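Notes for the one structure printed next.
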Amino acid sequence: MGETVLEILDVTKSFPGIMALKGVSFSIKTNTVHCIVGENGAGKSTLIKILAGAERYTGGRLLLKGKEYCPATIREAMECGVSVLFQELNVIEQLTVEENMTLGNEKNTLGILRKSDETKNLKEILHRIDPDIAMNSYVSALSVGEKQILQIAKAIALNAEILILDEPTAALSEDETRRLFDVVETLKKQGITLIYISHKLEEIFKVGDFVTVLLDGHVIKTAAISDLNQEELVKLMLGKVVSEKYINSDIDMNHVIMSARGITNHLLKDVSFDLHQGEIFGFYGLLGAGKTEMARAIAGIDTYSGEIEMFGKNGRFSSPREAYKNGICIVPEERRTQGLVSSLSIRENITLTNAKKISSFGIRSVAREKQIANGYIKKLNIACRNEEQGAAFLSGGNQQKVVFAKCLNADIKIMLLDEPTRGVDMGAKEEIHNIVRDLVKTGNAVIVFSSELLEVLNLCDRIAVLFDGALKAVIRNEGEKTNAEKIMHLALGGVSA
């Protein structure tokens with residue numbers, strides 16, 4: 001293997017209330033594929049944004065070829081030879097391949113664009129990577145895989161020496177994925193160093209030379225791929241996971257209140273499950289597994305094929321409003337933009353979902369609104385000045401509690417929680433978990449959609465493991481006896497024993 005090209009030395013990154021990276025240190029060698037893995041929230045995205053110049057680190061040092069490296073912008077990082085291919089493709093569909101590759105670096109004379117020898121160079125670079133893509137083709141006619149190759153070729157044309165690929169196969173077919181692997185090998189032969197982020201075990205062992213495991217902002221280990229097997233890597237990613245806080249819900253296993261059969265859409269693949277009265281049912285999976293898509297389908301937001309039955313009746317809803325009326329409420333992943341009306345007060349947000357409770361003969365009662373809001377403020381321990389405080393000015397945990405109160409005020413029977421504790425502190429997380437446990441004691445049911453394994457282990461009675469839109473297994477939670485390694489293995493695409 002080559003010499004060290006990039007050194008990450010005790011790098012920290014803090015956001016308000018959150019320490020995303022906690023003294024991260026490892027090095028990357030030239031002409032290798034260095035994989036970075038970890039659960040969602042481990043710090044991978046923050047780290048690659050720092051390397052790519054999209055974020056500034058709080059502490060520590062970066063050395064690129066032995067020199068200080070502290071890019072203030074993505075362009076500055078690119079000028080230093082570091083480029084990133086994010087999951088969201090940055091191409092303009094209406095332009096040709098050539099126009100996309102030269103965009104932002106066009107040659108001109110008195111403002112008039114002109115051809116140059118650079119066009120020939122770009123064509124040679126693209127041909128070395130994929131000879132089947134024509135320079136005069138419109139990008140709109142390319143497949144997702146070809147658009148990725150276009151972006152890779154553009155990065156190489158801008159003299160990239162380190163290329164960061166962030167979940168590059170998330171939207172690719174099997175054939176496109178195999179083609180990307182060929183491209184990765186080609187780039188290595190051309191002297192390019194790659195940093196490869198993926199949730200898929202098979203990919204890591206297919207293309208990687210080295211791997212760094214992140215957990216909760218820490219480096220757990222950096223090792224050669226050849227020195228590890230899949231089971232060992234899963235154990236490293238898990239760290240010490242103990243579901244010591246799990247409490248059995250009072251489930252009536254003879255009373256199915258929701259039955260889903262063959263749920264299929266653009267991502268989900270024939271997913272079936274039952275939900276019982278008093279149950280906290282969890283969907284666990286990593287990025288792109290289909291958790292949010294499942295929640296949105298049940299809540300009437302996304303279309304699907306298959307059948308959902310609820311309380312013995314048709315459970316297919318055409319809108320969240322219809323789902324509300326039938327006793328289903330979703331606490332969305334993006335609480336600030338989808339769960340709250342930030343311009344309204346706590347009082348107005350909480351009472352928004354049930355007009356009957358606050359009005360008589362069509363006349364709204366502010367006094368009744370205050371009574372309801374203060375009841376939930378006390379019940380859920382929402383830290384605020386009073387019920388008139390703007391929802392936008394609450395902490396993340398308290399904003400989430402307001403969204404919970406909104407759903408509870410709607411007299412729901414089934415609550416859908418999409419990443420219910422993302423971005424909240426540990427104290428608020430435990431309070432939210434207790435709210436969920438109290439909710440099912442009344443005979444209601446909850447479905448949790450989470451990418452945090454510890455959360456589903458501590459909270460859920462049964463855990464449905466998703467990978468790439470498919471249901472891999474449904475595992476009953478047995479507290480400390482639950483096989484966390486098996487769950488993680490399945491979530492990473494491993495085969496069930």
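What follows is calculated from the coordinates using simple rules that are stated; it is not laboratory data. All values reported here derive from a predicted model rather than from experimental measurement. Cβ sites come from the backbone with ideal geometry, for glycine too, and all protein chains shown count toward neighbours.
May I ask you to compute the full-extension gain from Ala141 to Arg336, defined as 0.36 nm times their residue separation minus their alpha-carbon distance, rounded to one decimal in nm?
66.6 nm
Please report the relative contact order for the chain, taking Cα pairs under 8 Å with a sequence separation of at least 6, and give it as a percent rounded to a whole number.
Once normalised by length, the contact order is 16 percent.
Compute the distance in nm between two label points, each set 7 Å from the Cα along the Cα-to-Cβ direction, one at Leu89 and one at Arg56.
It works out to 3.4 nm between the two label points.
Multiply the residue gap between Lys189 and Thr73 by 0.36 nm, knock off their C-alpha separation, and tell me the result in nm, one decimal place.
Contour length minus the Cα-Cα distance gives 38.9 nm.
Can you tell me the length gained on complete extension of the stretch Arg437 to Ile363, counting 0.36 nm per residue apart and subtracting the Cα distance? It would help to have the intermediate numbers written out before the result.
Details: separation 74, 0.36 × 74 = 26.64 nm, distance 3.56 nm.
Extending this stretch completely gives an extra 23.1 nm.
Could you pull the Cα extents of region 136-266 along its three principal axes, largest to smallest, in whole Å?
63, 38, 23
How large is ³J(HN,Hα) for each residue in region 436-443, as worked out from phi by the Karplus curve 6.51 cos²θ - 1.76 cosθ + 1.60 (θ = phi - 60°), to whole Hz, x for Gly and Pro?
5, 4, 5, 4, 6, 5, 8, x
Report, in deg cm²/dmol and to the nearest 500, the calculated mean residue ellipticity at 222 nm for the chain, where each DSSP H run with n ≥ 4 adds -39500 (n - 2.57) and the sum is divided by the residue count.
Dividing the helical sum by the residues of the chain leaves -9000 deg cm²/dmol.
From the phi angles alone, apply the Karplus equation (6.51, -1.76, 1.60; θ = phi - 60°) to region 469-477 and give each ³J(HN,Hα) in whole Hz, x where the residue is Gly or Pro.
Taking θ as phi minus 60°, the curve returns x, 10, 7, 7, 5, 10, 10, 6, 7 Hz for region 469-477.
Report the label-to-label distance for Ala392 and Ser226 in nanometres (one decimal), using points 7 Å from each Cα along the Cα→Cβ vector.
Output for this residue pair reads 5.7 nm.
In nanometres, what is the gap between the two model label sites at Glu485 and Ala473, each 7 Å from Cα along Cα-to-Cβ?
1.2
Which three extents, in angstrom, do the Cα atoms of region 4-238 have along their principal axes, listed largest first?
Largest to smallest, the principal-axis extents are 53, 39, 31 Å.
Going through the cross-link list Lys29/Lys67; Lys413/Lys441; Lys357/Lys441, which pairs have a Cα-Cα distance over 18 Å in this structure?
In this structure, Lys357/Lys441 lie more than 18 Å apart at Cα.
Can you pull the Kirkwood radius for region 339-410, inverse mean 1/r over Cα pairs, to one decimal in Å?
One over the average 1/r among Cα pairs gives 11.8 Å for region 339-410.
Roughly how far apart, in whole Å, are the Cα centres of region 386-460 and region 18-91?
That distance is 33 Å.
Run through the DSSP bridge list for the chain and note the antiparallel percent, rounded to the nearest 5. Show your work: numbers first, answer last.
Numbers: 46 of 81 bridges.
Within the chain, antiparallel bridges account for around 55 percent of the total.
Can you report the principal axis dimensions of region 373-497 using only the alpha carbons, biggest first, rounded to whole angstrom?
Per principal axis, max minus min of the Cα coordinates gives 54, 29, 27 Å.
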